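Read-outs: derived from the displayed coordinates by stated rules, not from any lab. Small disclaimer: the values here were computed from a predicted structure and weren't measured. FYI the Cβ positions are ideal-geometry reconstructions off the backbone, even for glycines, and counts take in every protein chain you see.
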């Protein structure tokens with residue numbers, strides 16, 4: 001991927017994705033969650049969050065060299081939920097894996113499904129080092145706080161106790177072995193991934209609804 005194309009999306013002089021788009025995306029999702037809560041319409045599938053991401057990104061990227069798509073190929077039969085691509089070349093520039101815990105019956109975080117997605121993203125980061133890759137979880141604050149703070153079933157950096165936390169966490173690949181699909185683990189091993197570094201990114205937490213994002217770092 002040409003550096004000029006990457007700079008058009010990420011540099012301060014151009015679109016400045018991380019600050020102007022990614023940050024506002026979390027605010028948009030938060031507002032949608034609060035709207036659904038006010039309307040007592042929280043029986044929402046994960047697709048609602050994916051669709052919100054896709055619509056928001058395409059609006060932000062109108063009349064640029066980029067566009068947003070859903071369900072892009074990762075490897076084998078695996079797919080990534082949302083992506084920003086360079087429209088002319090179909091090159092992936094930003095990737096999001098999404099999980100939601102919005103419905104009243106979704107009372108516990110499935111850490112295995114989230115770890116699956118994180119390793120998938122790490123594989124894409126290894127393949128496309130210039131690509132920004134994010135894990136995004138949206139839903140009820142008490143469910144995510146329970147997993148990250150109280151029971152610590154989800155071992156990821158978080159900002160529930162320190163809003164200014166920017167400390168990354170690094171897990172050896174072996175940490176994920178028993179918590180992800182065998183095919184994903186084997187692909188990571190084949191690609192030479194030994195460790196995965198994860199940093200907290202933009203977060204929104206208000207009125208019992210939260211949007212959490214993490215960035216998978218290059219190692």
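Indicate the gyration tensor shape class of the range 1-126 (rounded, prolate or oblate), computed on the Cα atoms with a ≥ b ≥ c the square roots of the eigenvalues: a/c under 1.5 is rounded; otherwise a/b larger than b/c is prolate and the rest oblate. Because a/c hits 1.5 or more and a/b fails to exceed b/c, the range 1-126 counts as oblate. Mean residue ellipticity, 222 nm, helices only, the chain: the sum of -39500 (n - 2.57) across DSSP H runs of n ≥ 4, divided by residue count and rounded to 500, is -10000 deg cm²/dmol. Across the chain, the relative contact order, built from alpha-carbon pairs under 8 Å that are at least six residues apart, equals 19 percent. Expressed in units of 2.2 N^0.38 Å, where N is the residue count, the Cα radius of gyration of the range 22-92 is 1.25. Average the reciprocal distances over every distinct pair of alpha-carbons in the range 3-217, invert the result, and give the Kirkwood radius in Å. In the range 3-217 this quantity evaluates to 17.6 Å. Rounded, prolate or oblate for the range 87-141? Axes are the square roots of the Cα gyration tensor eigenvalues, ordered a ≥ b ≥ c, and the cut-off for rounded is a/c under 1.5. Note, shape of the range 87-141 comes out prolate. Where in the range 144-182 is the amide nitrogen less than 19 Å from a point lying 7 Å along the Cα-to-Cβ axis of residue 219? Residues 154-158, 166-182 fall inside that zone.
FRET efficiency for the residue 145 to residue 13 pair, using the beta carbon distance and R₀ = 45 Å, is estimated at 0.70.
Under the shape rule built on the C-alpha gyration tensor, where the axes satisfy a ≥ b ≥ c, the range 156-219 is prolate, since a/c reaches at least 1.5 and a/b is greater than b/c.
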